[in-house]
1. May I ask you to give the average projected area over all directions of the convex hull of the Cα atoms of segment 60-112, in nm² rounded to one decimal?
2. What is the sum of charges, Lys and Arg at +1 and Asp and Glu at -1, for the other residues whose Cβ falls under 11 Å from the Cβ of PHE106?
3. Lys and Arg at +1, Asp and Glu at -1: add these up for the other residues within a Cβ distance under 13 Å of HIS195 and post the number.
4. Ignoring everything except DSSP H segments at least 4 long, calculate the 222 nm mean residue ellipticity for the chain; use -39,500 (n - 2.57) per segment, divide by total residues, nearest 500.
Amino acid sequence: MKYKKFIILILIIIFTINLGHSYKSIENHLYDQNFSSITTEFLELFEESKFNPPAGIEWKMVGDVLSSQPNIENSYVMTGKSVVAYYANSKMIYSGFYEGKDTDSFNEFIHRTNWSEYELYFSDINSHPSNHYDKSNLIPDYLVYYPTKDKQTRDDTLHERLKILSDPTNPEIPKNLKFLYKSEPTGITVYKIIH
């Protein structure tokens, strides 16, 4: 009888831990939060709840800004988030902002001049519409830059020269990039590329 109570207690503890882990995992995914530590996550359960904007709301706002641009449905947006093209109703050129050489100029980066064969292939198949056979020389009309770490991109892989895009007032930003929008909470910046 003593062992049954002990086993039931252990099962209840395991179930409670599993339930808590599932809850925090879903919360982190839905509200774009990152895991810090078990202690912090546990203590957050007892804190006063604060408003967390749903993950993706900023991307919707970026899409709305782009959708108001003339002829956007025939324009290419260079970004690492396909949801931007969906909300903007535009075409997309995929970029994780780590492609090419770190010494490339902005124009070389935008024209994908020194991207490796793999980087071009990966970009082409993840673009919308896909450029499977490299039939088109894709050139973006807009650039959406996301400077901070997310679940797919490590901050140390982003090229240093591209990080200035997060500050639209930086004098080193090329003159052919026209600033359109910046999200203060996330640092997402949107530029129109003047060709």
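Taken together, the values in this text are just the output of simple stated rules run on the coordinates, not laboratory data. Computed from a prediction, not measured in an experiment: that's the story for all the values here. Cβ coordinates were reconstructed from backbone atoms using ideal geometry, including for glycine residues, and neighbour counts include every protein chain displayed.
1. The orientation-averaged projected area of the Cα hull of segment 60-112 comes to 3.7 nm².
2. Its environment carries a net charge of -1.
3. +2
4. -11000 deg cm²/dmol
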